[in-house]
Amino acid sequence: MGTGARGVYPKGAARRQQILDEALNIVAVDGFDQTTLSKISKAVGITEAGVLHYFDSIDDLLVQVLRQRDADDLAASKLTEENLRDPATVRAENGMNPVENALGIVARNQKTPGLVELYAHMSVKASDPESYAYRYFKKRGIIERAMVGQAAATMYESANVPAVVPPEDVARLLQALLDGLQIQWLLERDLDMQGLAQKAIFSMLDIPQGANGPEASSPDSEGESD
């Protein structure tokens, strides 16, 4: 299903979405290591072969789970497809706070360790250019860096300070930092990813915390309204 034509009819599309929703829930609740094709098939009431009728492979299914998580994050952050196509639209004057959006996603990740485990697992597989994971991480990275770079440019502009670190470098460094923080958090669950991420953002931009973004909030508050 990742690249084929199966499941394009309404019933097929609905069943595929059901599989994705159940798989995402199983990974989030039970953890990546406890997620099996058998468990997913039982949750949707079809055979394992039936599940794979809608996806090219289990790796395709797992990558689509990550895509579904990204879509859910997009909706929770009040972002739209237009924002992805044109990151310049993610600005305070358009009713958006890019820093708050990013920190909200980090906070939500802390509530779903299974999905963080899945992300880390598939990121290793992404080293293979022929893998589904490679295509997912490649596209996701381009979009993520564009969004973060725009956020950095907006903050420099709003604070009326020179760009100490070029926005494109901020984007690349922050992406690496957040991915690394997730690995550390998987080992130390009391690590405050959200707080550390905020400190990193303002440190790299050399902008006082609170001057151009939300104060650090607890993972429970998520710094956003759903």
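So the values come out like this:
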{"quantity": "Sole exception among (1) surrounded by fewer than 21 Cβ atoms within 10 Å (Cβ to Cβ); (2) closer than 18 Å to residue 27 by Cα for residue 143, by number", "calculated": "(2)"}
{"quantity": "From 55, 32, residue being touching a residue at least 40 places away in the same chain (Cβ under 8 Å) and touching a His at 6+ places or on another chain (Cβ under 9 Å)", "calculated": "32"}
{"quantity": "Only one of 93, 81 that is in contact with a helix residue (DSSP H, G or I) (Cβ under 9 Å, 6 or more places away or on another chain), within 30 Å of residue 156 (Cα to Cα), modelled with pLDDT under 95 and not hydroxyl-bearing (Ser, Thr, Tyr)", "calculated": "81"}
{"quantity": "Unmet criterion (only one of (1) open to solvent by 40 Å² or more (accessible area, probe 1.4 Å); (2) not in a loop (DSSP other than H, G, I, E, B)) for residue 180", "calculated": "(1)"}
{"quantity": "Residue 47 vs. criteria among the polar types (S, T, N, Q) and more than 24 Å from residue 23 (Cα to Cα)", "calculated": "no"}
{"quantity": "Region 58-71, subset open to solvent by 20 Å² or more (accessible area, probe 1.4 Å) and touching a residue at least 12 places away in the same chain (Cβ under 8 Å), residue nearest to residue 148 (Cα to Cα)", "calculated": "70"}
{"quantity": "Filtered residues of region 82-134 (kept if open to solvent by 40 Å² or more (accessible area, probe 1.4 Å), without any contact (Cβ under 8 Å) to a residue 40 or more places away in the chain and not in a loop (DSSP other than H, G, I, E, B))", "calculated": "82, 85, 93, 94, 105, 124, 134"}
{"quantity": "Complete set of residues in region 147-161 that are without any contact (Cβ under 8 Å) to a residue 60 or more places away in the chain and either in contact with a strand residue (DSSP E or B) (Cβ under 7 Å, 6 or more places away or on another chain) or crowded, with 20+ Cβ neighbours inside 10 Å (or both)", "calculated": "148, 152, 153, 155, 156"}
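The values are calculated or read from the model by the stated rules, or taken from the named source; none is laboratory data. Nothing here was measured: the structure is a model prediction, and the numbers come from that model. Because the Cβ atoms are built from the backbone with ideal geometry, glycine has one as well, and the counts that use them run over all protein chains shown. Ligands, DNA and RNA are excluded from the accessible area calculation, which covers all protein heavy atoms including side chains. Shrake-Rupley method; radii C 1.70, N 1.55, O 1.52, S 1.80 Å.
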